Amino acid sequence: MFHKILIANRGEIALRILRACREMGIRAVIAHSTADAASLPVRLADESICIGPAESRQSYLNIPSIISAAAVTDSEAIHPGYGLLSENAAFAEICRACGITFIGPSPEAIRIMGDKAQAREMARQAGAPVVPGSDGALRGLDEAQRVADSIGYPVMIKAAAGGGGRGMRIVSERDALARAWATCQSEATKAFASGELYLEKFVDEARHVEVQVLGDRNGIRVHLGERDCSVQRRHQKLLEESPAPTISAETRAGLCKAALAVAHAVNYVSAGTVEFLVDRGGRYSFIEMNTRIQVEHPVTEMVTGVDLVREQIRLAAGESLGYAQSAVQMSGHAIECRVNAEDPETFVPSPGRVTAWVPPGGPKVRVDSHMMAGYTVPPHYDSLIAKIIVHGRDRAEAIARMHRALAETIVEGVKTTIPYHLKLLSDPAFLSGEFTLPRMERNL
Amino acid sequence: MRGGSGKGSGAWTPRELVELAVQHDLAELEVEQGGTRIRVVRERSAQAGERAPRAAAPGAAGALPTEGLEPALEASLVKVEAPMVGTFYRAPGPDTAPFVSEGDLIKEGQVLCIIEAMKLMNEIESKLTGRVAKVLVENGQPVEFGQPLFLVEPRR
């Protein structure tokens with residue numbers, strides 16, 4: 001096992017990784033920017049090292065600085081958290097070349113899954129259903145038009161290098177394709193340094209359901225059930241739950257089997273998430289695989305009792321999983337609400353100084369947050385300030401508990417998405433479980 | 001950079017205590033909390049190493065180790081900070097003379113030191129002309145981004 005790990009991330013996930021290290025008896029070094037020098041993870045870490053100025057490009061995304069920080073602190077491994085460098089195959093490769101363990105899958109697996117068009121093809125070959133669309137990346141607008149004509153509108157244009165909900169456009173008719181193509185291409189070039197696009201049939205009224213998988217170096221792989229992430233705003237997830245409401249046992253079994261097939265196909269080691277769209281008839285199709293820890297991982301931890309960050313560290317150190325699928329037991333229902341420093345109506349970020357912070361407590365409530373009174377939410381990074389996760393015997397109990405937890409949460413100084421969540425938890429469509437991606441965006 | 005002991009939130013960290021002692025110019029400060037006693041003693045000749053507390057306010061030259069310098073001079077000194085994280089070297093090689101020593105006159109663009117990051121030797125150049133008043137970091141020590149390396153007395 002490692003003696004010292006460098007955490008190359010910030011905010012709540014840096015704290016989450018730090019907590020896992022503490023419980024495992026591993027020293028943790030937090031690599032931070034100047035903007036985060038007074039943050040809670042830095043205060044609580046065994047060691048901290050400043051790697052650059054506030055702008056992520058010069059600090060959290062600065063590969064030479066992070067490798068150098070690991071070297072001068074004698075860290076044996078780097079945990080990249082989520083976002084930032086977590087799905088950067090080149091970074092994972094450099095870690096390997098420098099003799100530092102990257103806590104995540106192989107650079108090869110990251111690279112294949114990072115190219116969304118290639119990932120789609122890989123999933124199809126592994127036997128996972130995919131949404132009808134182009135075979136890999138498109139060569140140009142002409143080909144896009146041909147494919148769209150053959151599968152029928154509406155279609156979705158996506159950036160091959162995209163992810164996290166960016167670089168995609170829904171096109172409802174042929175006349176709109178050329179313009180959407182151009183916009184998407186320039187957006188993708190800017191955001192991902194690659195203008196490669198592919199195209200899929202747009203599945204309306206679908207749910208976003210993802211399966212958590214774990215794999216070790218001996219090829220032992222298990223799934224930890226699914227999470228429903230259909231509550232989104234501008235492709236950004238706001239609430240996640242497990243198990244997914246209203247899907248049949250048959251659909252669930254199919255999803256989990258397909259997720260493991262995809263993980264096997266790339267010889268996946270570490271924790272990963274395979275994302276699917278599930279339509280009203282229970283038909284599912286692979287969208288992409290995220291080769292890192294997810295923001296919403298606590299939902300799975302609550303229903304399975306498995307510490308996913310600990311498993312990531314163990315598996316990276318070369319340990320075997322040590323249990324089979326039958327040992328993974330799920331109980332009850334868990335929900336997570338992402339509390340963002342954003343206006344609950346417009347979703348415009350609301351950075352600033354947190355003057356009061358009282359997190360919720362009581363039975364079966366978990367709060368993952370780097371907040372503290374007097375903390376200034378920096379404008380340089382994402383707006384997630386806390387994740388509130390609850391567990392209940394069933395969905396109704398979990399919803400009631402989340403309602404109670406959110407109502408007792410006090411955040412002053414910045415606007416948060418809590419009012420949105422409270423409204424959502426009383427919405428009939430949400431309560432019935434019969435909600436889908438676009439519908440939730442329209443209604444709230 | 002901090003290689004410190006952990007603490008529960010709410011309690012004083014050694015770093016905070018040191019800062020408090022510096023801020024109020026105390027020779028000694030002792031705090032007992034949750035069964036742990038922390039005593040901060042400031043020695044006049046204390047050598048500031050890489051684990052020294054960072055100044056509470058940016059640019060607060062008073063908290064920097066400038067003992068032995070004239071107070072009037074101290075106020076006019078300019079800090080040269082590390083532009084990257086890495087290992088600090090005063091000389092191009094183990095058996096060679098340092099790039100600069102205290103008292104040396106330096107010119108803008110002159111190499112002051114090397115910071116090794118990812119096995120690359122990055123020469124750090126001076127952005128000003130002046131005299132090296134103080135070398136703050138020992139050869140071979142790790143430095144973090146923004147850490148003061150030299151104090152320079154600017155000259156025209």
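The values are calculated or read from the model by the stated rules, or taken from the named source; none is laboratory data. It should be emphasised that the depicted structure is a prediction, and the values quoted were computed from it without experimental measurement. Neighbour counts are summed over all protein chains in view; Cβ atoms, including those assigned to glycine, are modelled from backbone coordinates with ideal geometry.
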> For A:Tyr60, which of the numbered conditions (1) more than 13 Å from chain B (Cβ to nearest Cβ); (2) closer than 25 Å to A:Ala193 by Cα; (3) in contact (Cβ under 8 Å) with a residue 24 or more places away in the chain; (4) crowded, with 19+ Cβ neighbours inside 10 Å fails to hold?
Replying inline: (1)
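Considering only residues that are in a loop (DSSP other than H, G, I, E, B) and in contact with a Pro (Cβ under 7 Å, 6 or more places away or on another chain), look in region A:342-372 and name the one that is nearest to A:Asp382 (Cα to Cα).
Per the criteria, the residue is A:Pro351.
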> Is it true that some residue in region A:169-184 is out of contact with any Cys (no Cβ under 6 Å at 6 or more places or on another chain), surrounded by 14 or more Cβ atoms within 10 Å (Cβ to Cβ) and not hydrophobic (A, V, I, L, M, F, W, C)?
Replying inline: no
>> Given the criteria more than 30 Å from A:Glu240 (Cα to Cα), assigned to a helix (DSSP H, G or I) and of a type outside the set (Asp, Glu), does A:Ala123 qualify?
In response: no
> Which is buried (at least 17 other Cβ atoms within 10 Å of the Cβ), within 14 Å of chain A (Cβ to nearest Cβ) and touching a residue at least 60 places away in the same chain (Cβ under 8 Å), of B:Ala82, B:Ala117?
Replying inline: B:Ala82
> Can you name the residue in region B:85-106 that is surrounded by fewer than 19 Cβ atoms within 10 Å (Cβ to Cβ) and of a type in the set (A, V, I, L, M) and is also farthest from the other protein chains (Cβ to nearest Cβ) among such residues?
Replying inline: B:Leu105
> Looking at (1) part of a helix (DSSP H, G or I); (2) out of contact with any Phe, Trp or Tyr (no Cβ under 9 Å at 6 or more places or on another chain), which is the one condition that is false for A:Ile399?
Replying inline: (2)
> Pairs, please: C-beta under 7 Å, at least 6 apart or cross-chain, first residue more than 17 Å from A:Thr34 (Cα to Cα) and in region A:368-385, second modelled with pLDDT of 90 or more and among the aromatic types (Phe, Trp, Tyr)?
Replying inline: A:Met371/A:Trp357; A:Met372/A:Trp357; A:Ala373/A:Trp357
> Name the residues in region B:120-156 that are at the interface with chain A (Cβ under 9 Å from one of its Cβ atoms) and acidic (Asp, Glu), would you?
Replying inline: B:Glu144
>> Anything in region A:64-81 that is surrounded by fewer than 24 Cβ atoms within 10 Å (Cβ to Cβ) and either more than 8 Å from chain B (Cβ to nearest Cβ) or among the aromatic types (Phe, Trp, Tyr) (or both)? List them, or say none.
In response: A:Asp74, A:Glu76, A:Ala77
> Among the residues of region B:96-123, how many are closer than 12 Å to A:Ser68 by Cβ and within 20 Å of the chain's Cα centre (by Cα)?
Replying inline: 4
> Which residues, counting only those in region A:38-57, are surrounded by fewer than 22 Cβ atoms within 10 Å (Cβ to Cβ) and more than 8 Å from chain B (Cβ to nearest Cβ)?
Replying inline: A:Ala38, A:Ala54, A:Glu55, A:Ser56, A:Arg57
> Between residues in region A:268-292 that are free of Cβ contacts under 8 Å to residues at least 40 places away in the same chain and residues that are surrounded by fewer than 24 Cβ atoms within 10 Å (Cβ to Cβ) and part of a loop (DSSP other than H, G, I, E, B), which pairs lie under 6 Å by C-beta distance while being six or more apart or on different chains?
Replying inline: A:Gly282/A:Ser248
>> Go through (1) farther than 26 Å from A:Gly254 by Cβ; (2) surrounded by fewer than 16 Cβ atoms within 10 Å (Cβ to Cβ); (3) more than 14 Å from chain B (Cβ to nearest Cβ); (4) out of contact with any helix residue (DSSP H, G or I) (no Cβ under 9 Å at 6 or more places or on another chain) for A:Gly152 and report which single condition fails.
In response: (1)
> If you take the residues in region A:82-115 that are under 16 Å from the mean Cα position of the chain (by Cα) and not in a loop (DSSP other than H, G, I, E, B), which one is surrounded by the fewest Cβ atoms within 10 Å (Cβ to Cβ)?
Replying inline: A:Gly114
>> Can you confirm whether A:Val411 is free of Cβ contacts under 8 Å to residues at least 40 places away in the same chain and either buried (at least 16 other Cβ atoms within 10 Å of the Cβ) or in a loop (DSSP other than H, G, I, E, B) (or both)?
In response: no
> Restricting the search to region A:16-37, which residues are facing another protein chain (nearest Cβ under 10 Å) and touching a residue at least 40 places away in the same chain (Cβ under 8 Å)?
Replying inline: A:Val29, A:Ser33
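For region A:414-426, give me each residue that is assigned to a loop (DSSP other than H, G, I, E, B) and either surrounded by 15 or more Cβ atoms within 10 Å (Cβ to Cβ) or aliphatic (A, V, I, L, M) (or both).
Selection gives A:Val414, A:Lys415, A:Thr416, A:Thr417.
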>> Can you tell me which of (1) among the small types (Gly, Ala, Ser); (2) loosely packed, with under 13 Cβ neighbours inside 10 Å; (3) closer than 22 Å to A:Asp74 by Cα is the one B:Gly109 doesn't meet?
In response: (3)
> Yes or no: A:Glu87 in contact with a Ser or Thr (Cβ under 6 Å, 6 or more places away or on another chain), in contact (Cβ under 8 Å) with a residue 12 or more places away in the chain and of a type in the set (D, E, K, R)?
Replying inline: yes
>> Kindly evaluate A:Glu12 against the criterion of being within 12 Å of chain B (Cβ to nearest Cβ) and either in contact with a Lys or Arg (Cβ under 8 Å, 6 or more places away or on another chain) or of a type in the set (A, V, I, L, M, F, W, C) (or both).
In response: no
> Going by the conditions given, is A:Ala8 in the same structural domain as A:Ala90 (by TED's automatic domain parsing), of a type in the set (A, V, I, L, M) and more than 25 Å from the chain's Cα centre (by Cα)?
Replying inline: no
>> Regarding region A:154-165, can at least one residue be identified that is outside any strand (DSSP E or B), over 21 Å from the mean Cα position of the chain (by Cα) and not assigned by TED's automatic domain parsing to the domain that holds A:His264?
In response: yes
